[in-house]
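Nothing in this text is a laboratory measurement; each read-out follows from the coordinates by a stated rule. Please read all numbers here as calculations on a predicted model, not as lab measurements. Please note: Cβ atoms are built from the backbone with ideal geometry, for glycine as well, and neighbour counts cover all protein chains shown.
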Ligand SMILES: Nc1ncnc2c1ncn2[C@@H]1O[C@H](COP(=O)(O)OP(=O)(O)O)[C@@H](O)[C@H]1O
Ligand SMILES: [Mg+2]
């Protein structure tokens, strides 16, 4: 097995390097001497040609390749690649290669690989050679077998469970790919490469690590011995083109009047909580809602990993920071939200409320930062509020239950529930508002709900968004103040009429 990963990361100490031995741009050594053909027979042997045609073009241009272009790689292909790879590693100086820009490095590798293929008598078609070259470049310069997946914009998540099991989520459905890594060593090297970019390390002594790819994708790595079947890598792909509210309407995630209602909620500065499970579309929805913030408002966003893409001119983006290798320098969400209050924000947006910052966010909402928003992990609007309550209790605030609930009622106006349904579609299934406190019970009322009507013959969930008949929500006065009361009345009326 080739051990490229380890070598490449320790490139400078490679025994086989011939630093500056030749005047080549990256200290290339004399090409290896001719060898007996790796594959000798003249007609291309079945092992090579039987490899399904890899769509080299799709690999080169990172534009949504069709799903069929995922490699099915035979053992023979791996063998040839390993041989070429080892010869390549012997020939080039990785430390110097690392100093070249991607394109020059690729050109350099291309030349050497072509030479090696000629010397070793490997019989390959041009397109096979191109595919192998691409593959090798990915190994040397990028994230190896992950590259073709990272290049696809239609993938939401990539899940790697050890070297041989790679799953992706496309269109809300999880499917297995036939991508595989050479072995767990290679996978671990790639994990290492990813986390080292954010100054972190993953190994037996610190086997859990969060990181981020340069494109903003969020990465989690958990390595053996904690992950029993090999390094486990989870990537939430960063979507460059965030979905707009109109896209959600087109997908049927929300009805047109429902979308209008969301627009009003965003514009009239309701304090809003977006609730949902993992991957239900909370962040996407939050991003949509921020689209209705007026351009003259000063907005401060706090996130664990910057995902939101606000279009307004006056936005300050803040990000938490994990502790460094010595366990120091951590900046928590609470730190950020607290600091926000000293920054004269009009609105505060918290990417995900999951700790004691819940208290500070409520305080902010309650003290003149109307229109603040956040997401929270819960299965219903009511559950979202009780989760908020328990986050505050767990945060060590010794307040009576009733006081906390009073605070919640005084702060939160609207809770929007996002869900991923069993057919993979994502829907907004509830827009609810907080009405008040009766005794110690928080009273809420639904404004728009998604009514499930079953499944069509293709397994697609059928149903409709329906208004509940509330014509004067609690934020009516607010809408009136912002001159949107007529729009609100119209949207609620339309929502109810969908029958
Ligand atoms: N309504 C929707 N329809 C289709 N895809 C969606 C929808 N909302 C979100 N997505 C996609 O689902 C994935 C997860 O969305 P995200 O908002 O990050 O979820 P969460 O924040 O709840 O974990 C993203 O790839 C996003 O583009
Ligand atoms: Mg999210």
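Please label the shape of the stretch 304-348 as rounded, prolate or oblate, based on the square roots a ≥ b ≥ c of the eigenvalues of the alpha-carbon gyration tensor (a/c under 1.5 means rounded; beyond that, a/b larger than b/c means prolate, else oblate). Here the stretch 304-348 falls in the oblate category.
Remark: 485, 413, 241 ranked as 241, 485, 413, counting other beta-carbon atoms within 10 Å and listing the fewest first. Which of rounded, prolate, oblate describes the stretch 294-413, given a ≥ b ≥ c as roots of the alpha-carbon gyration tensor eigenvalues and a/c under 1.5 marking rounded, otherwise prolate only if a/b is larger than b/c? Verdict is oblate for the stretch 294-413.
Classify the stretch 244-296 as rounded, prolate or oblate, taking a ≥ b ≥ c as the square roots of the eigenvalues of its Cα gyration tensor: rounded when a/c is under 1.5, otherwise prolate if a/b is larger than b/c and oblate if not. Oblate, because a/c is 1.5 or more while a/b does not exceed b/c. Once the chain from residue 481 to residue 220 is taken as fully extended at 0.36 nm per residue, the excess over their C-alpha distance is 89.4 nm.
Relative to one another, the C-alpha centroids of the stretch 305-324 and the stretch 173-211 are positioned 25 Å apart. Note on 382, 317, 426: ascending count of other Cβ atoms within 10 Å places them as 317, 382, 426, the fewest first. Taking only alpha carbon atoms, the stretch 151-207 gives an Rg to Rh ratio of 1.03, where Rh is the Kirkwood radius. A crude spin-label estimate for the pair residue 462 and residue 354, with each label 7 Å from Cα along the Cβ direction, gives 3.8 nm. Whole-percent P(r), the stretch 242-338, all Cα pairs, 5 Å bins from 0: 2, 12, 18, 22, 19, 12, 7, 4, 2, 1, 0.
Each part reduced to its alpha carbon centroid, the stretch 395-439 and the stretch 451-495 end up 18 Å apart. Please figure out what share of the DSSP beta bridges in the stretch 254-371 is antiparallel and state it in percent, rounded to the nearest 5. If we restrict to bridges inside the stretch 254-371, about 10 percent are antiparallel.
For 93, 215, the sequence from fewest to most other C-beta atoms within 10 Å is 215, 93.
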